[in-house]
Every structure is written in structure tokens, then in C-alpha cells.
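Participant: Structure provided below as C-alpha cells; questions to follow.
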Amino acid sequence: MNNERYVEFYRIAQSVLGDKLVKPIEEDKEIISEWVSNEGWLMLPLPSESCMSDAKNRRGPNIYVSASDEEIIIGIAVNTLESVYQLKNILHEFHNKEKSDLLHEITRLDDSFLTKVERKIKEKHFNQAPKYQNEIKIQSNKLDNESINEIFFIVDKIREDGLNLKKSRGTSHPIETPRIELTGTLFENDDEIFREKLSSIKPIFETCINIKSRTELNKIDKEKIVVICAKCKEIIPESECSTGTFCKKCGSLLKRTKMKKIDDSYHLRSD
């Protein structure tokens, strides 16, 4: 695939996803040098990320694009163990409202989108290009609690297998780790179809990026005084509190309270 084609995909992604979800880049050569991998696929970085390593090790999902002259693949993938288990936290244990919102968006996808769990295999060393072995594949719009349970049963099994291999072979890294493709699709290499498919996954990606884990809430000192919006069920960042006493979203009066008095229905508002 010609790298200039990936520049075209990046520009489309900027227009579809916006500057909050994709890093604004002016120079085409920067897209090619920083965000097209040695294996020939495109990463869509967040605004805060400065290199491919930042995006690959993101604590959350990323969007990738892989193309040939005839076809395009796009997907939302979670690659690191931390991001895999954050997704488990969202879909399998907590975040009831967020889980409901996320599944609602996933079930609206067309039948071409698939959810997969793969073994990411690195036989020799941690920095090598991995091989992938598919373990399960589910039509994304049919995702339900039963299939979610199956997904994370397989995830835990891959994790256990990887640790056992590390121990038996004496390696410095787990040889096998789980990778989840929350959703992905393959289609004709066409700009308008690419735009349409990217628009379909935007709300899913946005929901994942904006969800804050319960561990983040637990890191806040329970005695700390925080500002909340009782109507939005959100903890308000300090930067927003300094601009007034009313919620920017709903207009309600903000309230100060101790962190320990806030129940699990509250989440941190994104800056």
C-alpha cells in the first residue's frame, strides 16, 4: 500500500472523528514517519500522544487502519494487558450505565463488524512484531452478556497460559498475551465507505475513551472535598469549577462534598 494513501485516510479520520479524538497533524510526512508502522498499517493517535509507542501502550483502545489496493480494514483494538482489563472492568464488572451505552452503540453496527479475541504471540523478545492467533469471533451487533462472559473467560485463559509459558521457558516476558478487537470490519477500498464505517465506530470509541475506571475514583482521597453535579452524576474537574458555580452541561447548581459520600453512580467528567 502506498503510504500517501494512508495520509488520505488520516485526513478523512480527522474530519470524521475531530480534533479531540485524533491528533491534528499538518505535515503529511509526519503522518508517514510517525504513524504508519513498519508492518504497513496506520495508527490514529490521540492529541496527547507524540509517538507510536504512546499510542500502542495507551490505557484504552486505539483505532487502526490496514489497507491493500482492493480492501480496507479498520478496527478498535485493545492491545495492552492494562487496556484489556480496563475493558473487562467496563463490560464485565462495573460501569452499568457505561456498559449499557457502549453495547447500545455496538448493536447498531452493520453485520460486517466482528468482535475478536486473539493470542498475541512473541516467541523471542518483547519488542518483536507479534503473531496473532484467533480464539473467538462474534458478530459485533449480537454481543450480549453470554458472549461477553465467554470473551473474558478466554482472555483470562490466554493470560494464564502466557504466564505459565514465561515460567517454564524462563523468559523475561509473557510469550502469549490477550488482544481484543472490540469491533472491526473489512470493506472495499473506497473513501466514502471508509468515511461511513469510521462514523459508525466513532461513538463506540468516544465512549471507551471517556470512561473513567473505578480505580481512578479510588485514587482520590476519600476525605477530599470535590465538586459534583448531582443531576449529571459527575465529579467536576477543578479547571471547570473555577469558571462558575453552575454545571456547564445542565445548568444545575454545583455542590461541594466529601469524596467518601459519593456513591458508585458518579464518574469523573472528562476535561
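Participant: Using modelled amide H (1.01 Å from N, peptide plane; none on Pro or chain starts), what sits under 5 Å from the amide H of residue 267, excluding residues fewer than 5 places away?
Facilitator: For residue 267, the qualifying residues are 234, 235.
Participant: To the nearest 10 degrees, how steeply does helix 145-169 sit against the main Cα axis of the chain, on a 0 to 90 scale?
Facilitator: The two axes meet at around 60 degrees.
Participant: With runs of 4+ DSSP H residues as the only contributors, calculate the mean residue ellipticity of the chain at 222 nm using -39,500 (n - 2.57) per run, divided by the residue total and rounded to the nearest 500. Intermediate values should be presented prior to the final figure.
Facilitator: On the way: 9 runs with 102 residues, N = 271.
The helix contribution divided over the chain gives -11500 deg cm²/dmol.
Participant: Can you put 266, 10 in order of Cβ neighbours within 10 angstrom, beginning with the fewest? Can you show the working numbers first?
Facilitator: Numbers: 266 18, 10 24.
If I rank by nearby Cβ atoms, fewest first, I get 266, 10.
Participant: What ranking of 247, 232 emerges when the number of other C-beta atoms within 10 Å of each C-beta is taken as an exposure proxy, fewest first? Provide the component values of the computation, followed by the final result.
Facilitator: Details: 247 21, 232 17.
Least to most surrounded, the residues fall as 232, 247.
Participant: In addition: Structure shown: which of 56/97; 122/167; 29/131; 120/167 lie over 23 Å apart, alpha-carbon to alpha-carbon? Don't jump to the answer; show the numbers that get you there.
Facilitator: Working: 56/97 27 Å; 122/167 15 Å; 29/131 28 Å; 120/167 17 Å.
From 56/97; 122/167; 29/131; 120/167, over 23 Å: 56/97; 29/131.
Participant: Output the relative contact order of the range 3-211, whole-number percent, from Cα pairs under 8 angstrom with separation of 6+ residues.
Facilitator: On the way: 338 pairs, mean separation 49.7, N = 209.
With pairs under 8 Å counted, the relative contact order is 24 percent.
Participant: Output wanted: per-residue J couplings in Hz (rounded whole) for the range 57-66, from phi through Karplus 6.51 cos²θ - 1.76 cosθ + 1.60, θ = phi - 60°, x for Gly and Pro.
Facilitator: The phi angles translate into 9, 4, 7, x, x, 10, 9, 10, 10, 10 Hz.
Participant: Order of 28, 144 from fewest to most other C-beta atoms within 10 Å?
Facilitator: Values: 28 15, 144 10.
In order of increasing Cβ crowding within 10 Å: 144, 28.
Participant: Local charge sum around residue 183 (other residues, Cβ-Cβ under 13 Å, Lys/Arg +1, Asp/Glu -1)?
Facilitator: Values: positive: 108, 116, 137, 142, 197, 202; negative: 105, 110, 111, 181.
Value of the local net charge: +2.
Participant: Under 16 Å between alpha carbons, and skipping anything fewer than 8 positions from residue 224 in its own chain: which lysines qualify?
Facilitator: Excluding near neighbours in sequence, the set is 255, 258, 260, 261.
Participant: Among the aspartates and glutamates, which fall within straight-line cross-link reach of residue 124, defined as a Cα-Cα distance under 15 Å, with same-chain neighbours fewer than 8 residues apart omitted?
Facilitator: Within reach: 176.
Participant: Let me ask something else about it. Note the listed values (1) 56, 46, 41; (2) 55, 47, 35; (3) 50, 40, 34, then indicate which one is Cα extents along the principal axes in Å calculated from this particular structure.
Facilitator: Among (1) 56, 46, 41; (2) 55, 47, 35; (3) 50, 40, 34, the one calculated here is (2).
Values in this text are rule-based calculations from the coordinates and carry no lab data. What you see is a predicted model; the values in this text were computed from it and never measured. Cβ: placed from backbone, ideal geometry, glycine included. Neighbour counts: every protein chain shown.
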